[in-house]
Amino acid sequence: MKLQRGALIGVGGCVAQQEKQKILDKVPYVDFVFGPDAIGRLPDIVGRVEQDQVRVVETAWVDSEDYVFPRADPKSSLGRCTEFVTVMKGCDNVCSFCVVPHTRGREVSRPFTEVLNEVAALTTVGVREVTLVGQNVNSYLGGVSFAQLLLRCAQVPGIERVRFTTSHPHDLSDELIDAFRVEPKLMPHFHLPVQSGSLPVLKRMKRDYTIEDYLERLGRLREARPGIAVTTDIIVGFPGETEEDFEKTWELCRQVEYDGQFAFVYSPRPRTVAGIKEAEWGVVPHEVKVKRLERLNALQKQVSLKVMSQHVGQSVEVLVEGPSRTNPDRRFGRTPHNRVVNFDGDAPIGAMVTVHIEAASQSALGGRQLAVRSLPTLPIPELRAAEESCVVA
Ligand code: SF4
């Protein structure tokens, strides 16, 4: 298939950064390997592979002080009304299961003026929603605090919605909670990875909060923005996790009622503390991990369906992102709480519409367009042309 299509295969990311040449040695059909700092050089890497018929490893480390953030070309966002903006990279935490501190280095934040300029540039091609991204985004320090950065992004003319991901619970500051209280353009969704509901497991993970701290912060967030959607990450079967530890995680999920969770079975990452100490702390058998994950997923299904079903019969605001994936004759968009909606309607990409919800599943809502609240900032014919020429997720 690779030969038929003339395709190249590359492996990128944190583990690629760490494993380097070993990946090429193990997998003969991989053409190139690149680390996160090499993303901006991807066109050169592909060019070298094609022209010189060589396999390439590009994992040079860029010191935090010398790192230059890739600047997105707004034209590449034409036809999209939502876009990601990188605001920081790296991580100063030391979670024992994670390779990021070894592969992405210390935290470095992008100056806030650069971020605001990029957000403003994106509005000129019709972007109305930005998601600020970084490994540990709420420890941002690029000349203003993270809360101030969010508030400033919300003031950029043309921007209707601001989101961010992903966060560490210990950086959920009072100032950030207050931003949710005062800024309606800051969307009511917070991804707050808890990883485990058991203190001994959190300690081995080197996560420096207790469940009581976590719940207290979460309670204040929910008080500041009632109804805010909360999602999380969970690792099941971390070394030494007992049945009792897992029950605490399950109970936490039942109590919090997360909108969604990204739960995975633990697998060791090279040269991490947890990987090295797995045997000492206690390997959890694979079938036990899988059973625990299934229990957690079953609970999440029920909770997600309950949360989504509450919308049936209500009207919600949706930012139109394009044709529906399941039926191209329908439209697709998201609510402020980041819930997917497929609906009957004809509003163009970038329109903000009111949708009456008639159906719900655990992962999506269905309905019909009632009214267009606001049209996209670009002239509609131009955006329609872009819409026709692009593939929308
Ligand atoms: S905070 Fe996130 S990125 Fe940083 S070490 Fe922990 S898991 Fe990895």
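The values are calculated or read from the model by the stated rules, or taken from the named source; none is laboratory data. Worth saying up front: this structure is predicted, and the values here are computed from it rather than measured. No Cβ is skipped: glycine too gets one built from the backbone with ideal geometry, and neighbour counts run over all protein chains shown. Heads up: the accessible areas ignore ligands, DNA and RNA and are worked out on the full protein's heavy atoms, side chains in. Shrake-Rupley method; radii C 1.70, N 1.55, O 1.52, S 1.80 Å.
Structural remarks
Table: residues versus (1) of a type in the set (Val, Ile, Thr); (2) farther than 30 Å from Arg269 by Cβ; (3) assigned by TED's automatic domain parsing to the domain that holds Gln21.
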| position | (1), (2), (3) |
| --- | --- |
| Val68 | yes, no, no |
| Lys75 | no, yes, no |
| Phe84 | no, no, no |
| Cys95 | no, no, no |
| Val108 | yes, no, no |
| Ala120 | no, yes, no |
| Val125 | yes, yes, no |
| Cys153 | no, yes, no |
| Pro157 | no, yes, no |
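- Some residue of the range 278-295 being assigned to a loop (DSSP other than H, G, I, E, B) and among the acidic types (Asp, Glu): no
- Count of residues meeting criterion [within 18 Å of Glu247 (Cβ to Cβ) and in contact (Cβ under 8 Å) with a residue 12 or more places away in the chain] in the range 283-334: 12
- Residues that are in the same structural domain as Ile159 (by TED's automatic domain parsing), among the basic types (Lys, Arg), closer than 29 Å to Ser361 by Cβ and crowded, with 21+ Cβ neighbours inside 10 Å do not occur anywhere in the range 253-272.
- Test for Glu114: is it acidic (Asp, Glu), over 27 Å from Leu218 (Cα atoms) and in a helix (DSSP H, G or I): yes
- Qualifying positions in the range 144-168 - open to solvent by 40 Å² or more (accessible area, probe 1.4 Å) and away from the ligand (no atom under 16 Å from the Cβ): Gln148, Leu151, Arg152, Gln155, Pro157, Glu160
- The residue that is nearest to the ligand (Cβ to nearest atom), among those in the range 107-125 that are open to solvent by 20 Å² or more (accessible area, probe 1.4 Å) and either at positive phi or not hydrophobic (A, V, I, L, M, F, W, C) (or both), is Glu107.
Residue by residue, here is whether (1) more than 28 Å from the chain's Cα centre (by Cα); (2) under 16 Å from Val11 (Cα atoms); (3) modelled with pLDDT under 80 holds:
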{"residue": "Ile23", "(1), (2), (3)": "no, yes, no"}
{"residue": "Val30", "(1), (2), (3)": "no, yes, no"}
{"residue": "Pro36", "(1), (2), (3)": "no, yes, yes"}
{"residue": "Ile39", "(1), (2), (3)": "no, yes, yes"}
{"residue": "Asp44", "(1), (2), (3)": "no, yes, no"}
{"residue": "Gln51", "(1), (2), (3)": "yes, no, no"}
{"residue": "Asp63", "(1), (2), (3)": "no, no, yes"}
{"residue": "Asp66", "(1), (2), (3)": "no, no, yes"}
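- Failed item, numbered, when Leu141 is tested on (1) modelled with pLDDT of 95 or more; (2) open to solvent by 10 Å² or more (accessible area, probe 1.4 Å): (1)
- Restricting attention to the range 219-240, the residues being open to solvent by 10 Å² or more (accessible area, probe 1.4 Å) and either under 18 Å from Val283 (Cα atoms) or in a strand (DSSP E or B) (or both) number 4.
- Figure legend. Inter-residue proximity from the range 77-104: first residues outside any loop (DSSP other than H, G, I, E, B), second residues near the ligand (Cβ under 8 Å from one of its atoms) and open to solvent by less than 40 Å² (accessible area, probe 1.4 Å), beta-carbon distance below 6 Å, spacing 6+ or different chains. Indicated pairs: Lys89/Arg104; Val100/Cys91; Pro101/Cys91.
- Among the residues making up the range 69-106, a single one is within 16 Å of the ligand (Cβ to nearest atom), over 30 Å from Glu280 (Cβ atoms) and surrounded by fewer than 20 Cβ atoms within 10 Å (Cβ to Cβ): Thr86.
- Candidate set from the range 169-187 (those that are in a loop (DSSP other than H, G, I, E, B) and either open to solvent by 10 Å² or more (accessible area, probe 1.4 Å) or outside the structural domain of Glu223 (by TED's automatic domain parsing) (or both)); member that is nearest to the ligand (Cβ to nearest atom): Ser173
- Positions within the range 296-312 being in a loop (DSSP other than H, G, I, E, B) and open to solvent by 50 Å² or more (accessible area, probe 1.4 Å), in sequence order: Gln310, Val312
- Any hit, the range 184-191, residues being within 21 Å of the chain's Cα centre (by Cα) and farther than 23 Å from Phe84 by Cα: no
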